[in-house]
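The values are calculated or read from the model by the stated rules, or taken from the named source; none is laboratory data. What you are looking at is a predicted structure, and each value in this text was computed from that prediction instead of being measured. As a convention, Cβ positions derive from the backbone with ideal geometry for all residues, glycine included, and neighbour counts pool all protein chains shown. Calculation scope for accessible area: heavy atoms of the full protein, side chains included, ligands and nucleic acids excluded. Shrake-Rupley method; radii C 1.70, N 1.55, O 1.52, S 1.80 Å.
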Amino acid sequence: RTPVKSFVKLNTMKVVVGLSGGVDSSVTAYLLQQQGHEVVALFMRNWNDASVTLEDECPWIEDSNDALMVAQKLGIPFQVIDMSELYKERIVDYMFDEYQKGRTPNPDVLCNREVKFDVFMKTAMSLGADKVATGHYARVTSTFDENGKEIFHLLAGKDNNKDQSYFLCQLSQDQLSKALFPIGELTKPQVREIAKEIDLVTADKKDSQGLCFIGKVSLPQFLQQQLVPKEGEIVEIFRDSPLFAQEMPQVSSKKEELEFLSQKIKYKKADGKVIGKHQGAQFFTIGQSKGLGIGGHKESCFIISRDMENNILFVGEGHSFPGLYRKALKIDNAEVHWVREDLALKNGESMEILARIRYRQPLQKATLYQFEDAFYIEFEEAQSAIAEGQFASWYADEELLGSGVIS
C-alpha cells in the first residue's frame with residue numbers, strides 16, 4: 001500500500017461547515033478558518049415537533065442561537081436550512097417502520113448517510129463549496145492505486161473515547177472525497193480547551209445525548225407517537241432450558257456452520273414462565289434490562305428475544321445468560337456496504353478483520369465470509385445482544401472498511 005498522504009493545504013478552499021451549536025462543530029469551523037479556508041456555516045434544522053423533547057423549549061432554537069453566536073464570533077456567514085421534511089421521511093419514518101418490525105435501527109448512521117453527507121452535502125456543493133466539514137471524531141486520508149485512482153480511507157478518530165467512525169460506516173468513496181473532519185486528530189479535552197481559549201459560547205456546552213438532531217428525546221415517548229401501546233407478557237427463560245443444549249448438527253460446509261451459528265433461537269411461551277407485563281414489544285430492544293419492571297432476581301433480567309407476532313418479550317437473568325450470546329451474524333448481500341470498494345470480497349472469499357456491532361463497543365476479532373446468497377461475520381468470541389437492524393462495521397487496524405445491517 002502506498003504511504004498515506006497527509007492533507008497539505010496547497011490552496012485555500014471554500015468549506016461549508018455543518019454548524020450544529022455544539023463545541024465540536026464550533027472548533028471545526030475555527031480550525032478551518034485558521035488554515036486559511038473560506039468558511040461558511042450552515043445550521044440544519046431537522047425537527048419541528050417540540051412535544052416529544054424532554055426540555056421545556058425546543059432544543060433546535062437554542063442550538064441555532066449558539067451556532068449563530070459562534071459564526072458571529074468567527075466572522076463567517078451563517079445560514080439555517082430546513083431539512084425537517086426530508087429528515088422525517090428518510091430517518092423518522094424509517095425508524096418507526098423498523099421498530100414496528102421488531103428491529104433496532106441506528107438513526108445516527110442513517111442521518112450521516114442520508115442527510116448530512118447526501119442532501120446537506122449537495123446543498124453545500126450548490127453554494128460552490130469544495131468540501132463539507134463536520135465535527136466528527138474521525139479522519140480521512142487518501143492514497144493512489146497503481147492506476148493513479150485516488151482511494152479515500154476512513155480512519156478512527158485519535159481520541160479512543162470519542163471515535164465516531166462507526167457513525168460514518170455507510171459513507172461512500174464519493175462522499176469521503178468531499179468530507180473534512182478537522183477535529184479527528186484531537187481529543188475532546190483539547191477541543192474544549194481551544195473553544196475556551198478563543199472564548200466560544202459552546203466551550204462548556206454538554207454533548208447532546210438525544211437522537212441525531214432532535215434533542216434529548218425519550219425514545220419510548222417518541223415511538224408512542226405512531227406505535228400504539230399494547231399490553232403483552234414477559235416470559236422468563238431459564239439457564240437449564242434444553243434450547244441451550246443444542247449441539248451443532250453435522251455440517252458439510254463452512255456456510256452451513258455459519259448459518260447454524262448465526263441463527264436466533266425461536267422461543268415459545270411454553271419454554272418459560274410468565275413473570276410480568278409490558279406495553280408493547282416494539283418499544284424494547286435485544287439486550288435491554290432497564291424499564292422492564294421486573295423484581296425478585298439476584299441479577300438484572302435482559303431481553304433475549306421478541307416475538308412481534310404474539311407481542312411477547314423473552315428475558316433471561318444475568319449478563320452471562322446463554323441466550324444473549326451468538327458466535328456469528330448474518331447480513332443480506334443487499335445490505336453489505338464497502339467503504340473500500342476495492343477490498344470487497346468476492347463469492348467464496350473470507351477476510352480477517354476487527355468488528356463492532358454497536359457504537360463504543362471495543363473492536364472484536366472476527367472473520368468475514370462472502371457467499372453467493374449471504375454475508376457472515378464470525379467472531380472469535382461469542383457476542384452479547386446482537387440486534388437486528390443495527391449496523392455491524394469492520395476495520396483493518398484503524399481503518400473502517402465497510403458495514404452492513406444485521407439481519
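Couple of notes before you dig in:
- C-alpha center-to-center spacing [region 314-387, region 112-145] in angstrom: 28 Å
- Heavy-atom accessible surface of Phe260, to the nearest 10 Å², is about 60 Å², with a 1.4 Å probe and all protein chains retained.
- Accessible area of the chain belonging to carbon and sulfur atoms, whole % at 1.4 Å probe: 48 percent
- Region 72-125: trypsin sites (Lys or Arg not before Pro) in DSSP coil with no more than 16 other Cβ atoms inside 10 Å: Lys101
- In the elastic network of the chain, a GNM with C-alpha springs shorter than 10 Å, the most mobile of Gly18, Gly280, Gly36 is Gly36.
- Here is the list for region 261-333: trypsin sites (Lys or Arg not before Pro) lying in DSSP coil, each with at most 15 other C-beta atoms within 10 angstrom of its C-beta, are Lys264, Lys266, Lys268, Lys290, Lys298.
- Choice from Met308, Met248, Met95 with maximal GNM fluctuation in the chain (Cα, 10 Å cutoff): Met248
- Based on DSSP H segments of at least four residues, each scored -39500 (n - 2.57), the chain has a per-residue ellipticity at 222 nm of -5500 deg cm²/dmol.
- Placing Asp271, Asp130, Asp163 in order of accessible area, with the largest value first and a 1.4 Å probe, yields Asp130, Asp271, Asp163.
- Long pairs among Lys88/Lys158; Lys101/Lys178; Lys101/Lys269; Lys254/Lys277; Lys162/Lys273; Lys269/Lys327, criterion Cα-Cα beyond 30 Å: Lys88/Lys158; Lys101/Lys178; Lys254/Lys277; Lys162/Lys273
- The 1.4 Å probe gives accessible areas that order Ser172, Ser393, largest first, as Ser172, Ser393.
- Note on region 233-282: with charges restricted to the Cβ of Lys and Arg (+1) and Asp and Glu (-1), its dipole about the Cα centre is near 220 debye.
- Counting only DSSP beta bridges whose two residues both lie in the chain, roughly 75 percent are antiparallel.
- Net length gained if the chain between Asn347 and Thr12 were fully extended (0.36 nm per residue, minus Cα distance): 116.2 nm
- Within the listed set Ile61, Ile353, Ile386, the residue fluctuating most in the Gaussian network model of the chain (springs between alpha-carbon atoms under 10 angstrom) is Ile61.
- In nm, spacing of pseudo-spin labels at Glu380 and His319 (7 Å Cα→C-beta vector): 2.0 nm
- Only Cα pairs under 8 Å and 6+ residues apart enter the sum, and on that basis the relative contact order of the chain stands at 16 percent.
- Near Ser172, once Lys and Arg are set to +1 and Asp and Glu to -1 for all other residues with Cβ below 10 Å from its Cβ, the sum equals -2.
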